[in-house]
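Here is the structure we will look at, set down as C-alpha cells.
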Amino acid sequence: MFKPLDILDEKDKRLRAISKDATFPLSKEEKKLIQQMIDHLTFSQIEEKAEKYNLRPGMGLAFPQLGINKRIIVIVEEYEEGKFDNYVVINPVIVSNSTEIIAADAGEGCLSVNREVEGHVPRYARVTVEGYDEDGNLIRVRAREDLSIAFQHEIDHLNGILFFDRINKNKPFFSEHEIRLI
Ligand code: NI
C-alpha cells in the first residue's frame, strides 16, 4: 500500500544541519525508507499516480528532508518514457567534476520548497560521485546534465544547503554566453 512521505518544509531547521555518515549494515527502517523514497519519487513522475496521491513531481530526495540527518540520497530518473532508473547512494562524495558549468533554464525545484523560486543555479555539467550501495559496496556514478544537477542538489541537502542559496541575488539569471542553459 503506497503512502506519500512526509517531507520537511524549508523552514524546518533540520534541513540546515550537516548530516552524518550512515553506517553499515543499514537498519531495516533505513532500507524501508529508501524504498518509500523510490516509490514516492517514481509515482510523482507518473501523471495519474501523482494526481491520485497529490504528489508534486520530484527527481530526488535526501534523508534530511525526512528529518533524518544521515548521508543518504535517492534519485529517480525517467530515462525513457515510462522507464525509470534509481540511484541510491550512501555517503556520496563528488570525486571529480567538469570545469563546464550549466544551469537548468527553468530553475530548480525541491520537494521541501513549496513555492516558485526564480533564478539560475550554477552547477557542474558533469560529476563523478562515489559512495556505497545499500549493501555497503563501493559504487561510482558518472552523471551529466539533469542527472548531474540532481546529484549536486541532493548532496547539497546533506550539507544543509538549499538550491536557492546558490542563486546570486544581484544577478539571478545568466545568459547563454556565460553558462550553458539546459
Ligand atoms: Ni531538494
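The values are calculated or read from the model by the stated rules, or taken from the named source; none is laboratory data. From a predicted model like this one, the values you see are computed outputs, not experimental measurements. Quick reminder, even Gly has a Cβ in these numbers, built from the backbone with ideal geometry, and neighbours come from all protein chains shown.
A few points about this structure:
- From the options Phe174, Phe164, residue that is in contact with a strand residue (DSSP E or B) (Cβ under 8 Å, 6 or more places away or on another chain), within 16 Å of the ligand (Cβ to nearest atom) and aromatic (Phe, Trp, Tyr): Phe164
So that you can scan it fast, the table gives a plain yes or no per residue for (1) modelled with pLDDT under 95; (2) more than 19 Å from Asn159 (Cβ to Cβ); (3) of a type in the set (Val, Ile, Thr):
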position: Ile34; (1), (2), (3): no, yes, yes
position: Leu41; (1), (2), (3): no, yes, no
position: Arg56; (1), (2), (3): no, yes, no
position: Val95; (1), (2), (3): no, no, yes
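- Every residue from region 1-17 that is surrounded by 12 or more Cβ atoms within 10 Å (Cβ to Cβ) and assigned to a helix (DSSP H, G or I): Arg14, Leu15, Arg16
- Those strands (runs of 3 or more DSSP E) of region 18-120 in which at least 2 residues are over 17 Å from the mean Cα position of the chain (by Cα), considering only elements entirely within it, cover 83-97.
- Cross-chain or 6+ apart pairs with Cβ under 6 Å, region 60-78 first and closer than 13 Å to Val88 by Cβ, then within 14 Å of the ligand (Cβ to nearest atom) and among the small types (Gly, Ala, Ser): Gly60/Ala150; Lys70/Ser19; Arg71/Ser19; Ile73/Ala62; Ile75/Gly60; Ile75/Ala150
- Screening region 136-161 for residues that are surrounded by fewer than 18 Cβ atoms within 10 Å (Cβ to Cβ) and in contact (Cβ under 8 Å) with a residue 60 or more places away in the chain and picking the one that is farthest from Glu100 (Cα to Cα) gives Gly136.
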